[in-house]
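Participant: Take a look at the following structure, please.
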Amino acid sequence: MDLQTLTYSVVGASFVLYIGIAIWSKANSTSEFYVAGKHVHPIANGMATAADWMSAASFISMAGLIAFLGYEGSMYLMGWTGGYVLLAMLLAPYLRKFGKFTVPEFIGDRYYSQTARIVAVICLIFISFTYVAGQMRGVGIVFSRFLEVPVNVGLFIGMGIVFIYAVLGGMRGITYTQVAQFCVLIFAYTVPAVFIAFQLTGNPFPQLALGSEMSDGSGLLLDKMDTVLVDLGFTSYTEPFNDKSMIDVFAITTALMVGTAGLPHVLVRFFTVPKVRDARRSAGWALVFIAILYTTAPAVGVLARMNLVNTVNGPEGVGTAYSEIPGWFQTWENSGLLGWFDHNGDGKIQYAAGNAFSSDNKGKPLFVGDERGQFGERLISNPSKGEIATGAPFANEIYVDRDMMVLANPEIAGLPNWVIALIAAGGVAAALSTAAGLLLVISASISHDLLKSTFAPNISEKSELMAGRIAAAVAIGIAGYLGMHPPAFVAQVVAFAFGLAASSLFPVILLGIFSKRINKWGAISGMCVGLVFTSAYIIYFKGVFIEPMAVNTADNWLFGISPEGIGAIGMLLNFAVAFVVSYLTPEPPKEIQDMVESIRVPQG
Amino acid sequence: MKEDSTSFAKEYWQANLRLIMGCLVVWFTVSFGFGILLVEPLNQFQIGGYKLGFWFAQQGAIYTFVGLIFFYAHRMNKLDKKYGVAEEDDS
């Protein structure tokens with residue numbers, strides 16, 4: 001079977017599986033729709049949480065980011081796993097004991113304030129839509145590359161699938177589909193990694209291969225990587241703080257950890273288990289399943305970069321003629337994620353430090369329509385001057401997008417076609433599972449927090465369920481629109497999702513459990529200060545709706561902290577303001593303090 | 001009796017807080033400590049084929065996180081039983 005047919009079959013089979021599960025697990029009550037009736041086994045919930053959490057970004061982009069950042073990639077690895085420790089000890093068990101349906105509901109009840117609840121809903125919707133737009137783009141990338149259908153057709157298929165199981169099945173449908181999606185995505189991620197690890201080091205476990213000797217006898221993989229990169233003029237792979245300062249790495253790691261713990265679609269998963277002790281254990285299982293991917297990713301990063309250097313520069317290290325480069329090069333060139341300009345005119349492709357394309361377009365190539373040059377390469381209108389970077393043997397001639405590393409890895413390593421088809425199914429699974437989880441928290445917060453509690457308190461359960469389904473359908477429509485017309489700022493606002501979760505939701509939930517003294521004024525002002533400070537800082541440097549007001553460089557940053565890490569400061573501000581305001585105003589009523597007492601113990 | 005049950009709940013909560021603090025110290029040490037603040041001195045040492053600081057940042061911290069959560073869940077189950085606040089087994 002050729003690659004195309006194989007990919008269609010594998011992806012198609014996975015879709016049939018998801019739809020089958022959806023039909024089997026239809027939701028019949030609001031409790032099933034919002035929290036799967038609280039009957040989910042902790043291990044199943046762990047898998048569902050893992051799939052919910054690991055998005056298109058984790059699957060497609062992260063190993064690529066690590067491959068190019070080296071040590072600094074650690075901030076994603078630690079940041080996106082360490083949050084589960086906070087979740088398991090500080091939030092999940094108590095929210096489960098609280099025992100209702102949504103995160104804003106907890107904030108509204110604990111702070112005896114409809115205003116607090118609505119502020120929380122606003123944060124939640126903003127965080128979730130930001131995130132979901134990225135997922136839809138991920139689905140588009142995978143479809144257009146592997147199935148060679150137009151991005152929009154791919155998007156419609158993806159939306160259709162999510163529609164079926166999210167709208168019909170609600171949380172129940174989503175949970176069991178996510179379990180299946182986890183199996184698909186983790187299999188798809190680890191199989192190529194095992195192959196490649198074995199190829200390069202003789203050790204099939206990627207986690208161990210990372211610390212192994214190269215099988216060609218050229219020493220330890222990481223040492224070899226350092227040497228190879230330094231010889232090409234790059235900074236060393238394992239040395240810390242080449243790309244980012246220590247304080248920035250520290251702040252970004254904090255913001256990602258705390259942000260993870262404050263993300264509503266992750267928190268709500270812990271509402272679905274039967275008991276408080278299941279919530280604790282389930283967080284552990286979730287992290288086990290996440291760790292399988294997150295400990296594999298650093299190996300994938302190194303191996304992919306090594307393979308890229310070896311394939312492009314060839315065994316002699318002088319470059320490979322365009323006519324002799326393997327087919328994947330052109331495929332990815334066609335998708336626009338790879339570009340070549342022959343700076344030295346020798347017909348060979350060379351890869352080294354430095355930008356092959358001019359900095360006006362941030363070093364990315366601008367293709368001249370579909371026109372071809374003398375070797376058959378795509379023509380590019382913005383070559384750089386082709387200067388040789390300090391320490392490099394020759395000028396860099398290619399642009400490699402980080403997003404292609406994981407997807408192209410099996411092809412670069414020359415793995416069989418079924419492995420490549422699997423990667424496509426895995427990427428789609430990662431994107432769809434996260435999108436579904438996000439759409440559910442959006443619809444729940446609209447039908448439950450806004451409609452049921454604010455605008456139409458007397459609505460029957462049946463109508464609320466219908467409203468939930470309609471809200472989910474509308475949210476899918478908006479998400480699809482965002483995926484089809486990705487706002488130029490999508491990439492820039494990812495920092496927003498984590499920064500806002502860290503600086504708005506996390507502190508008030510934490511304080512709501514661990515302090516009886518924090519009152520509604522403290523919580524509302526804390527959330528608002530965290531939200532405003534963090535958004536203002538990100539907009540100031542990244543210019544999300546406006547032109548950036550300052551150049552986004554370390555000299556201009558507050559304490560040298562980049563917009564990606566500013567959520568850490570926003571969180572501290574939120575804590576500080578919540579404390580000060582609460583102690584200046586009357587303490588919460590007795591029944592609220594009793595409620596806090598009761599969520600602290602599992603029984604009752 | 002009322003007095004007793006509140007002081008009991010207080011003691012349970014204090015024990016929980018101590019456990020959380022202990023776990024968070026480990027959490028901070030392996031990630032922010034070994035993985036970021038001390039990564040340079042630790043990189044002087046090799047473990048297997050890794051520099052030690054680099055290993056903590058890209059592997060070790062994650063393994064420790066997993067262990068910590070199960071440790072916490074296990075100890076909390078014991079505390080729940082000891083203080084008689086565990087949930088009933090039927091559901």
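The values are calculated or read from the model by the stated rules, or taken from the named source; none is laboratory data. Source: prediction; values computed, not measured. Cβ sites come from the backbone with ideal geometry, for glycine too, and all protein chains shown count toward neighbours. Calculation scope for accessible area: heavy atoms of the full protein, side chains included, ligands and nucleic acids excluded. Shrake-Rupley method; radii C 1.70, N 1.55, O 1.52, S 1.80 Å.
Participant: Considering only the stretch A:205-213, I want to know if a residue exists there that is open to solvent by less than 30 Å² (accessible area, probe 1.4 Å) and either free of Cβ contacts under 8 Å to residues at least 24 places away in the same chain or among the polar types (S, T, N, Q) (or both).
Facilitator: Checked the stretch A:205-213: at least one residue is open to solvent by less than 30 Å² (accessible area, probe 1.4 Å) and either free of Cβ contacts under 8 Å to residues at least 24 places away in the same chain or among the polar types (S, T, N, Q) (or both).
Participant: Looking only at the stretch B:53-65, which residues are open to solvent by less than 30 Å² (accessible area, probe 1.4 Å) and either facing chain A (nearest Cβ under 8 Å) or charged (D, E, K, R) (or both)?
Facilitator: B:Gly53, B:Phe54, B:Ala57, B:Gln58, B:Gln59, B:Ala61, B:Ile62, B:Phe65
Participant: Counting just the residues of the stretch B:32-52 that are within 7 Å of chain A (Cβ to nearest Cβ) and touching a residue at least 12 places away in the same chain (Cβ under 8 Å), which one comes out farthest from A:Met75 (Cα to Cα)?
Facilitator: So the residue we want is B:Glu40.
Participant: Here's a follow-up. Look through the stretch B:1-12, keep the residues that are within 9 Å of chain A (Cβ to nearest Cβ) and open to solvent by 20 Å² or more (accessible area, probe 1.4 Å), and return whichever of them is nearest to A:Asn203 (Cα to Cα).
Facilitator: Quick first cut of the stretch B:1-12, residues within 9 Å of chain A (Cβ to nearest Cβ) only: B:6, B:9, B:12.
Now restrict to residues that are open to solvent by 20 Å² or more (accessible area, probe 1.4 Å): B:6, B:9.
Numbers: B:Thr6: 57, B:Ala9: 52 Å.
Residue satisfying both the conditions and the ranking: B:Ala9.
Participant: If you scan the stretch A:561-604, which residues turn out to be open to solvent by less than 30 Å² (accessible area, probe 1.4 Å), more than 14 Å from chain B (Cβ to nearest Cβ) and part of a helix (DSSP H, G or I)?
Facilitator: Across the stretch A:561-604, the qualifying residues are A:Pro563, A:Gly567, A:Gly570, A:Met571, A:Asn574, A:Ala578, A:Ser582, A:Ile592.
Participant: For the stretch A:53-70, indicate whether the set of residues that are assigned to a helix (DSSP H, G or I), within 12 Å of another protein chain (Cβ to nearest Cβ) and more than 15 Å from A:Met405 (Cβ to Cβ) is non-empty.
Facilitator: No, because not a single residue in the stretch A:53-70 is assigned to a helix (DSSP H, G or I), within 12 Å of another protein chain (Cβ to nearest Cβ) and more than 15 Å from A:Met405 (Cβ to Cβ).
Participant: Would you check if A:Tyr189 is among the aromatic types (Phe, Trp, Tyr), in a loop (DSSP other than H, G, I, E, B), open to solvent by less than 30 Å² (accessible area, probe 1.4 Å) and in contact (Cβ under 8 Å) with a residue 12 or more places away in the chain? So that I can check it myself, show each step before the final result.
Facilitator: Details: among the aromatic types (Phe, Trp, Tyr): yes; in a loop (DSSP other than H, G, I, E, B): no; open to solvent by less than 30 Å² (accessible area, probe 1.4 Å): yes; in contact (Cβ under 8 Å) with a residue 12 or more places away in the chain: yes.
So A:Tyr189 does not fit the description; no.
Participant: Any idea which residue in the stretch A:438-480 is nearest to A:Phe101 (Cα to Cα), counting only those that are touching a helix residue (DSSP H, G or I) at 6+ places or on another chain (Cβ under 6 Å) and hydroxyl-bearing (Ser, Thr, Tyr)?
Facilitator: A:Ser445
Participant: Hey, any hits in the stretch B:47-57 for a residue that's over 28 Å from A:Ile252 (Cβ atoms), part of a helix (DSSP H, G or I) and in contact with an Asp or Glu (Cβ under 9 Å, 6 or more places away or on another chain)?
Facilitator: Quick first cut of the stretch B:47-57, residues over 28 Å from A:Ile252 (Cβ atoms) only: none.
No, the conditions are met nowhere in the stretch B:47-57.
Participant: Let me ask another. Can you name every residue in the stretch A:74-113 that is under 24 Å from the mean Cα position of the chain (by Cα), within 14 Å of another protein chain (Cβ to nearest Cβ) and not aliphatic (A, V, I, L, M)?
Facilitator: A:Ser74, A:Tyr76, A:Gly79, A:Trp80, A:Thr81, A:Gly82, A:Gly83, A:Tyr84
Participant: Related question: If I filter the stretch A:241-255 down to residues being open to solvent by 10 Å² or more (accessible area, probe 1.4 Å) and within 13 Å of chain B (Cβ to nearest Cβ), which single residue comes out as farthest from A:Ala389 (Cα to Cα)?
Facilitator: Filtering first and then ranking leaves A:Thr254.
Participant: Scan the stretch B:57-71 and tell me whether some residue there is touching a Gly at 6+ places or on another chain (Cβ under 8 Å) and closer than 19 Å to A:Asp226 by Cβ.
Facilitator: Yes; the residues of the stretch B:57-71 include at least one that is touching a Gly at 6+ places or on another chain (Cβ under 8 Å) and closer than 19 Å to A:Asp226 by Cβ.
Participant: Kindly indicate whether any position in the stretch B:66-89 is open to solvent by 80 Å² or more (accessible area, probe 1.4 Å), more than 7 Å from chain A (Cβ to nearest Cβ) and within 18 Å of A:Thr254 (Cα to Cα).
Facilitator: The answer is no; no qualifying residue exists.
Participant: Here's a follow-up. Please go through the stretch A:8-52 and pick out each residue that is farther than 18 Å from A:Cys183 by Cβ and not in a helix (DSSP H, G or I).
Facilitator: Across the stretch A:8-52, the qualifying residues are A:Lys26, A:Ala27, A:Asn28, A:Ser29, A:His39.
Participant: Return the residues of the stretch A:540-560 that are at pLDDT 75 or above and open to solvent by less than 40 Å² (accessible area, probe 1.4 Å); say none if nothing qualifies.
Facilitator: Listed by number, the residues that qualify are A:Phe541, A:Gly560.
Participant: Taking the condition of being touching a residue at least 60 places away in the same chain (Cβ under 8 Å) and part of a helix (DSSP H, G or I), how many residues in the stretch A:328-340 meet it?
Facilitator: Residues that pass the stated criteria total 3.
Participant: Here is a check on your reading of the model: is A:Phe289 part of a helix (DSSP H, G or I), under 29 Å from the mean Cα position of the chain (by Cα) and not assigned by TED's automatic domain parsing to the domain that holds A:Ser144?
Facilitator: Working: part of a helix (DSSP H, G or I): yes; under 29 Å from the mean Cα position of the chain (by Cα): yes; not assigned by TED's automatic domain parsing to the domain that holds A:Ser144: no.
Spelling it out, it is not the case that A:Phe289 is part of a helix (DSSP H, G or I), under 29 Å from the mean Cα position of the chain (by Cα) and not assigned by TED's automatic domain parsing to the domain that holds A:Ser144.
Participant: Still on this structure, I have one more. For the structure I just gave you, tell me whether A:Met78 is within 21 Å of A:Ile252 (Cα to Cα) and open to solvent by less than 10 Å² (accessible area, probe 1.4 Å). I'd like the intermediate steps shown before the answer.
Facilitator: Values: within 21 Å of A:Ile252 (Cα to Cα): yes; open to solvent by less than 10 Å² (accessible area, probe 1.4 Å): yes.
Against the criterion (within 21 Å of A:Ile252 (Cα to Cα) and open to solvent by less than 10 Å² (accessible area, probe 1.4 Å)), A:Met78 qualifies.
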